[in-house]
Each structure stands twice: as C-alpha cells, then as structure tokens.
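Structure record follows, encoded as structure tokens.
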Amino acid sequence: MDNTGSLRCPVCGIQIDLENLQSRVETACDSFGGKKYCFCSENCRRHFLEDPRIAYFSMEIGISSSMPTYSGGLGVLAGDIVKSSADLRLQMVAITLASRKGYFRQKLSPQGDQTEFPDEWDPSKTLTIMPKKVTVNIEGRTVKVQAWLYEYQSITGGMVPILFLDTDMEENAPEDRRITDSLYGGDKRYRLKQEIVLGIAGTRMLKNLPFKIRKYHMNEGHSSLLTLELLRENNMDTEKVQNLCVFTTHSPVEAAFDQFTYELIKQVLDDEYLLSDMQQYAGNENLNMAFLALNLSKYVNGVSLAHVDYSRKLFPGRYIRAVTNGVHSYTWTNLYFRLLFDKYIPGWTNEPILLAKASEIPNREVWDAHVKAKTDLLTFVEKAKGVALDPQVLTIGFARRATGYKRATLIFSDLHRLTDINRKAKFQMIFAGKAHPNDTGGKDLIRQIHDYAAKLKDQIDIVYLENYNMDIAAKLTSGVDVWLNTPLPPMEASGTSGMKAAHNGVVNFSVLDGWWMEGCIEGVTGWAIGPHPRELLIESERREVELQDLYSKLEYLISPTFYTQKDQWITLMKNSIAKIAYYFQTQWVMRRYITEAYLI
C-alpha cells in the first residue's frame, strides 16, 4: 500500500484496481518473510523475482526515530538512499544490524554533563521475522543469525526490503546474543564480531532470498568482510569479486578506518579464511577494513569533490570517483514547504530536480511557510527546555555529532566581539548533538556550550536540545534562520545537515569543506566562513581569518540582511532551494550509482 491507501505494483508503480484484485497476478514468497505481493502483470511478477538486485550494506540505516538503528549522518544517509531507491523503483535489498539497544539515549544535566542510556526497541513489534537463519563462526562457536524484514514503501509504488540482522536467539550463548545489541558499542573485539555478522552473515542471508544479487554496495568499510566470503564463493577469482563490489568511503583520514590486529582476527574468526588472503588485500600489519573494500571493489567513490581530493592522497594511484551526498527531499522538507512546493512545483516529490523552479514562488508565501516552521520549532524548544525564544529574532542552528573537529564552540572564541554583535542586532542560538560515550573531548564541548549559555544568559539566549535524533533534526533544519557549520578542514567528508536546511529555505553559513565547497555561491546561496582551502596560509593564519570572517559576516552581512532587507533575505532562501536543494538530493545520487556503478 502507498500513503494514499492505494495498492501499487512494487515493480512498475502502476496502481492496482482494488475492485478487480482477484484478476491480478499474486504470488506468495514464503522464503522472503512470507509476505504476499500483488503485481499488475505476470511480467512484473517475473521481474520482481528474477531481476538481479543491488545489495546495500550499511552498519546503520536510519529510517525513522522510532527505529534507533543509526547514530548520525552515515545512517541517515543510508536511509535516504533506501528511500530514493524505492522512489526510483530500483531493485535493491538493504542489510544492516538490528541494534536492539540503539546507539544511546542522551540525558543532559543542567551543567551539560552527558549520561547515556540504552535506546531500546523491539523489532518484533514492527518487523517480520524471516523464516531462515544462517550461521557464522565466532571464537570457535557456531553463532546463529536471524533477520527481521522491514519494507520501505515509496509513494511511487517502489519497495526496498531492509534486513535487520540479529543474534538475540535462545540457541546462542549469552555473549553472542548481545552482538547486535549496541551500535558502535563495546571494544574492538565487539566491533569485529558485529562486522562479521554484517558482512559475512549478511552475505549468507542473501542466499536465502528468492533473487540474485547484481552488486554488493558497501557503505563505508564496516561490511567489507563480505569480500572474503565472495572470494571463497567465486574460487578466489579477484577480478570477478571486484566486478561485484562497490565501495563508498566516508572517512577523510586513514586513522578513521576500522583496523583489527591479525591476532584478534585469528581469535575471533579462527581459520575461517586464510591469513595470506587477508593480508594480500587488507594490509600486512593489521586488517584494514577500508583497504579490504578498496582492493576488492572495481567502483570506489568518495562523498564530495573535496573528499575525493584527500582520498586520492590516501590511496595514491587509485581511481576514486566523486558522488557528492544528498538527502531524501520529501523526508526532509517540512510540511509547510511541501504544501508550497505542491502548489507551485507539481511533481517535485518524484522529481526533486524540479525544485530549481523555486525562484518562481511568491516571496510572501515562502516567508509564511518559514514562519510556521520556525513557530513549530520554538514551541518545541519551550516545551523541551522551558525557554521561550523570540520568533522575531535571528535564530542560528548548530546540530551535529559533538566531537572536536566539528568545532561547535568556535563562535564563542571572542565573547566580547560576540556580545557586541548581539547588542547591534540580536540573535539566539539552538544547539544539539550527542558525543560518543568514549569521546571525552566531545562531552567537554557540550559542557562548554552550557557554560557559555549560563555566562551569556542575560544577553544571548542559547539552548542545547538533548537526545538529538531524526525528528529533532527535521525541526531544527526547517525552523532556524541560519544553519551554522564550522568543521576543521578537511575533516568534513561531506555533511548533509546543510542540505536538509536548504530544502526548507534555511540559509547556510559554513566553513568551506565537504559539500559546501560545491554548494556555496557567496552571497547567493549563503556565505562561506574563512579562506578557500587552496589559499596558501599557515594554519594559525587560516584559523584567525576564519574567526574574523565568522564575526564580520554575522555582523555586517547576515544580521543587516535579515532585519532590514527582507526581500533580499527571501531571495537567499529561494536560492537555497533552487540552487542547492534541487541538486543535493539522493535521487540524483542514486542515478549516478545506477549509471556508473550498478549497470556496468
């Protein structure tokens, strides 16, 4: 069923006449969750069962806040890719972990001290258990793995099944039942066990499904052990495996790649695969998951033009393409802007590229939609934090993972300058973001922001929302006036929050790194902070230029335009939609993958 209650063919999207349903071709795929599918024709039924599919592997996939199987950008991107694949009716199946305890639920004290609690969910309440199970060898024990089926249904009629792998079964030892509990939890050994389940058990689980796999797409290196399984299945034919695999790398520095000592590999994987084979493809000293994926994939891509420049330095001699990330337009467009786009840009839901026509929307209606989104956000803030922010005041949003390179406190570097700017034209700030439980530096940043908020409470209203998730992200990226981003280049491989903001006419103000290198047209789609990366400056000079640029543009460009040049501000908003949102969306990403990676 689609969102209107109509039944659509999952292959071509044609609406099926419910009154004549019995005349339609139906099939029950008992080996695929026992789900019954209806098709408009025998031809579509045959395509559904016989067409090779893309297997999309990701450690985390974020579909909704009610399923906390994501930690941040990587998982939300994976969810958006699944959604756009369904929009395009691409034959895909996605594989991830059940993560029964989620990433974590964040609780903040009044001083900003973060405490983590399990963010538990029960797959049995919303998903369908798959009938067949597979086994993997972990620490000499046979571990059974089951899968829960979730079907993401697009309004176009397309459907992508997602398999959530799970080891919480009575047949398994107590420690093995916990393997798929906590996303990114535990130590190296725990992480390796999870990646065995994702890559190896995930590949074996696909063999139980009633269709063939055309390509195996690894979203980051967490699933790259699947290449070892494919090598064994294909008589160690390297070229054949390379032609089967696609690898998307998201990390801009080698230190971020998952690595495991071969001693640990032997303890956990035993003799499942030959050491010599692993060393040949994954490195001599440690098993580097990124190297394993890179060496056994014909198609490799980074996630922005800037990211690819750094990736080519990490992997000299490799052909790495740039497919800049995007977001799922319908998911991240606020209700008020959806209605506005429906009115003036018919068909934008299925073809987000049509958002290029947003410049034709009347200014007043754009502003009215924004005011409603901002009101909703400020109402949420008051309910959550007991702070009544002023809807007339310029509101700046900053929300992302709390870690050092994101530099969430950069704007507080000169409090005298900051308060002086605020005296001339008031602004208020809303922060959000979780720090990894082991990231003490990230936790310190959250405390520091709370300290600044307390110090400036009589001058600048500053709020930190706890337990940042997809729902809060949607409110923030649609309800603030300016989206601030201050990463330390080149650490931001891409970033997607600013793309979400642009879909709602929110203006970006960001350091030139990641996707903003491509999206920024100075003074047209927003503003850059600091010098271009190609400018030859020593780091201390670059940091100083960044800081002065941040304050100067806030004082002399952003605030005056917002308060005294409303039509010019709304033009910036419409440019954000027409020149950013139309392009930085996952339908375009998937069209690139289909033509460049999947069909060759």
| request: Look through region 236-265, keep the residues that are free of Cβ contacts under 8 Å to residues at least 40 places away in the same chain and among the aliphatic types (A, V, I, L, M), and return whichever of them is surrounded by the most Cβ atoms within 10 Å (Cβ to Cβ). | output: L244
| said: I need the full set of residues from region 175-210 which are hydroxyl-bearing (S, T, Y), crowded, with 22+ Cβ neighbours inside 10 Å and in a loop (DSSP other than H, G, I, E, B), in order please. | reply: T180
| message | Anything in region 20-33 that is surrounded by 13 or more Cβ atoms within 10 Å (Cβ to Cβ) and at pLDDT 60 or above? List them, or say none. | response | F32, G33
| query | What is the number of the single condition among (1) of a type in the set (A, V, I, L, M); (2) buried (at least 21 other Cβ atoms within 10 Å of the Cβ); (3) not in a loop (DSSP other than H, G, I, E, B) that L49 does not meet? | reply | (2)
| query | Does any residue in region 362-390 that is over 13 Å from Y464 (Cα atoms) come within less than 6 Å, Cβ to Cβ, of a residue that is of a type in the set (S, T, N, Q) and surrounded by 14 or more Cβ atoms within 10 Å (Cβ to Cβ) six or more places away or on a different chain, and which pairs are these? | reply | A373/N334; A373/S478
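Hey, which of the helices (runs of 4 or more DSSP H) in region 473-587, taking only ones fully inside, have at least 1 residues that are of a type outside the set (G, A, S) and surrounded by 22 or more Cβ atoms within 10 Å (Cβ to Cβ)? Outline the logic, then answer.
Details: elements: 497-503, 516-519, 539-553, 559-564, 566-575.
So the answer is 497-503, 516-519, 539-553, 566-575.
Restrict the check to region 567-579 and report whether at least one residue is of a type outside the set (F, W, Y) and farther than 30 Å from S84 by Cβ. Can you show your working first?
Keep residues of region 567-579 that are of a type outside the set (F, W, Y), which gives 567-568, 570-579.
Of the ones still in play, those that are also farther than 30 Å from S84 by Cβ are 567-568.
So far as region 567-579 goes, yes, one or more of its residues are of a type outside the set (F, W, Y) and farther than 30 Å from S84 by Cβ.
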| request: Select from region 90-128 the residues that are free of Cβ contacts under 8 Å to residues at least 60 places away in the same chain and of a type in the set (V, I, T) and list them in ascending order. | output: T115
| Taking the condition on the phi < 0 side of the Ramachandran plot and in the same structural domain as F211 (by TED's automatic domain parsing), does R141 pass? | yes
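Could you please let me know if A293 is part of a helix (DSSP H, G or I), touching a Phe, Trp or Tyr at 6+ places or on another chain (Cβ under 7 Å) and either of a type in the set (S, T, Y) or touching a residue at least 60 places away in the same chain (Cβ under 8 Å) (or both)?
The answer is yes for A293.
Do we have any residue at all in region 331-341 that's in a helix (DSSP H, G or I), of a type in the set (A, V, I, L, M) and within 29 Å of P490 (Cα to Cα)? I'd like the intermediate steps shown before the answer.
Going through region 331-341, the residues in a helix (DSSP H, G or I) turn out to be 331-332, 335-341.
With of a type in the set (A, V, I, L, M) added as a condition, the list becomes 335, 339-340.
Narrowing further to those that are within 29 Å of P490 (Cα to Cα): none.
No: region 331-341 contains no residue that is in a helix (DSSP H, G or I), of a type in the set (A, V, I, L, M) and within 29 Å of P490 (Cα to Cα).
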| query | Which of (1) buried (at least 18 other Cβ atoms within 10 Å of the Cβ); (2) in a helix (DSSP H, G or I) is the odd one out, the single condition R423 does not satisfy? | reply | (1)
| remark: Over region 125-143, the set of residues within 30 Å of P10 (Cβ to Cβ), of a type in the set (D, E, K, R) and more than 28 Å from the chain's Cα centre (by Cα) is K132, K133
| Qualifying residue in region 224-235 (condition: assigned by TED's automatic domain parsing to the domain that holds A290, of a type outside the set (A, V, I, L, M), in a strand (DSSP E or B) and surrounded by 21 or more Cβ atoms within 10 Å (Cβ to Cβ)) | no
| Scan of region 503-544 for residues that are more than 25 Å from A399 (Cβ to Cβ), hydrophobic (A, V, I, L, M, F, W, C) and in contact with a helix residue (DSSP H, G or I) (Cβ under 9 Å, 6 or more places away or on another chain), ordered by number | L537
| Lone unmet requirement of (1) among the aromatic types (F, W, Y); (2) more than 30 Å from V246 (Cβ to Cβ); (3) outside the structural domain of S413 (by TED's automatic domain parsing) for Y593 | (2)
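Looking at region 518-558, which of its residues are closer than 30 Å to K357 by Cβ and among the small types (G, A, S)?
Applying the first criterion (closer than 30 Å to K357 by Cβ) to region 518-558 yields 518-529, 553, 557-558.
Of everything in region 518-558, those that are closer than 30 Å to K357 by Cβ and among the small types (G, A, S) turn out to be G519, G523, G526, A528.
Residue-by-condition table, conditions (1) part of a loop (DSSP other than H, G, I, E, B); (2) modelled with pLDDT of 95 or more; (3) touching a strand residue (DSSP E or B) at 6+ places or on another chain (Cβ under 6 Å):
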| residue | (1), (2), (3) |
| --- | --- |
| E382 | no, yes, no |
| V387 | yes, yes, yes |
| G397 | no, yes, yes |
| Q428 | no, yes, yes |
| G441 | no, yes, no |
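Can you pull out the residues in region 329-350 that are within 14 Å of A501 (Cα to Cα) and either touching a Leu at 6+ places or on another chain (Cβ under 9 Å) or surrounded by 16 or more Cβ atoms within 10 Å (Cβ to Cβ) (or both)?
Within region 329-350, S329, Y330, T331, W332, T333, N334, Y336, F337, R338 qualify.
The values are calculated or read from the model by the stated rules, or taken from the named source; none is laboratory data. For clarity, every value in this text was computed on a predicted model and none was experimentally measured. Cβ sites come from the backbone with ideal geometry, for glycine too, and all protein chains shown count toward neighbours.
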